[in-house]
Each structure stands twice: as structure tokens, then as C-alpha cells.
Amino acid sequence: MKAKRNLMIGLVVLLVVLAVGVLAAQTISDRDAAASASEDTSIALTSLTASSEIESFGYTWQRDTLNFEQRQEIVETESDSSETADDSASTSASQESEPETETVWYLADDPEYKLDQSSVNSMLTAFVNLEASRQLTETSEEYGLEEPTLTFWMTANGETTTWICGATNDVTGTVYLQKQGEDTVYLVDTNKVTVFEKSRMDLGATSDSTGDIASSETASSEATTSEAASSEAVSSEAATSESSSGEAASEG
């Protein structure tokens, strides 16, 4: 009887020990999870919720400044392009709804330059997702903000915000970023800002990636070919003239 009672007591003690161990393990796990979540918390640098809020933007990279603006263009469909002049009037008269339009971004200083809209959309997305992994309380010349490698800005809801990019920390893969007019410095992953490191040529649409340069080269090539043809024609005429003169002299 005594042995049975001791066995029961031992089982109760064992259950209590196990319960305490499980509770301690759960507490440590919850604490570590909370600490991890705190460390992974990013700092949002914009209040944008969608790229459609951006009215205009621009950046300076490698001493080249590009400013982007947007306009609405009518979306052309196959049916629109295949309409004849005879039925276009009746079609337009019967249409009650407004034509479908889309937002197209262009260079402010060269509106006719064909931009790759997907590249522009990547920049717009970068503004929306711009966030820092860490906030620094002190500034230093080593951050390279006095001589920025890249500066970019955007206007949304009538307010323009500019960011200055400094040196890159190759060890952590981050770049020092500062909002113009503020002292706070942030550490931002390089892939958050390298999307703006594109030249005018890089942004050219695939079908017209070289812009006016290609047209200029083509025109130059055609001009060279035309000059060569003219030269050959002149040489041929001269040779014919000399031959005629020689035959006349021989007959005389």
C-alpha cells in the first residue's frame, strides 16, 4: 500500500516537472520570436500605398538628370486601326462612352522619346516599397552624403520629397540614405535604389532603344552610300567622255 502511494506521488511530481518544462520552453520561444520580429522590423520611408499616387519623379545619376512626367493616351485596338474613313464617322457618332486611355510616362525634356514603360514602372514600385533596415542617430563623412552618387525625388499629393544616396557598404550590402532637409541617416538595401541607376539610353523602348542616335546613324550611312554612288557616276561619265575623245582623235 505504501509502495503504491509513493508511486502515485512520484508520478504527480514527474507531471509537475514536465508541465513546468513545457511552460518554460514556450516562454523562451515566444520571447525569441518577439525579439526576432523586433530586429526584422523595417522602416517605411514613404507613406505611399500605390504608385498611382505619384504625379512626377526624377533622379540625377552620373551627372545626368532625368525628369519624368505622365500623360493619358488613347488605347488603340485592332478594330480602331482597321476602320475605314467611311464608317469612322458613323462609329464615332454611335459611340456614347469615352475612349479607353492609359497612363504613359515620358521625359519632360524630350516628350517624343520612347521610354520602356516597364522600367519606369519598376521605379514607381521602388518608391512605394522604399524602406530602411536601420536608422542611424549619428552622421559621418564616411557616409559619403556630401558627394552623393545618386539623388532621386518624387512628387505625390502635391508634395515633393528628395533622397540623397551616399556610400555603399559592401559588407552589409546597404547604402546610406538621407531625406533632404533632415539629419537622420538610414541604411537601405542597395537593390532598393539601384533601380534608378539607368541612363537615358538604358530607358529606351526595345523597339527604339537607341532613339535619335539610330536614326542619325542610318541617315549618315544612307548619305555615305549616296555620295559613293554619285562619285561612281561622275567617274563613269568622265571615262565615257575620255573614250569618246580618243575615238574622235583616232578618226581624225
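The values are calculated or read from the model by the stated rules, or taken from the named source; none is laboratory data. Keep in mind it's a predicted model, so treat the numbers as computed, not measured. Don't worry about glycine lacking a Cβ; one is built from the backbone with ideal geometry, like all the others, and counts go over all protein chains shown. The accessibility values were calculated without ligands, DNA or RNA, using every heavy atom of the protein model including side chains. Shrake-Rupley method; radii C 1.70, N 1.55, O 1.52, S 1.80 Å.
Assorted remarks:
- Scanning region 140-158 for residues that are closer than 27 Å to Gly204 by Cβ and among the hydroxyl-bearing types (Ser, Thr, Tyr), we see that the one that is surrounded by the most Cβ atoms within 10 Å (Cβ to Cβ) is Thr149.
- Counted residues, region 100-139 - those being of a type in the set (Gly, Ala, Ser), open to solvent by less than 50 Å² (accessible area, probe 1.4 Å) and more than 12 Å from the chain's Cα centre (by Cα): 2
- Residue among Thr161, Thr194, Thr174 that is more than 20 Å from Ser47 (Cβ to Cβ) and buried (at least 18 other Cβ atoms within 10 Å of the Cβ): Thr174
- Selection status of Met201, of a type in the set (A, V, I, L, M, F, W, C), modelled with pLDDT of 55 or more, within 23 Å of Thr60 (Cβ to Cβ) and exposed (fewer than 15 other Cβ atoms within 10 Å of the Cβ): yes
- Inspection of region 90-109 finds a residue satisfying the criterion of being touching a strand residue (DSSP E or B) at 6+ places or on another chain (Cβ under 8 Å), modelled with pLDDT of 95 or more, under 26 Å from Glu53 (Cα atoms) and not in a strand (DSSP E or B).
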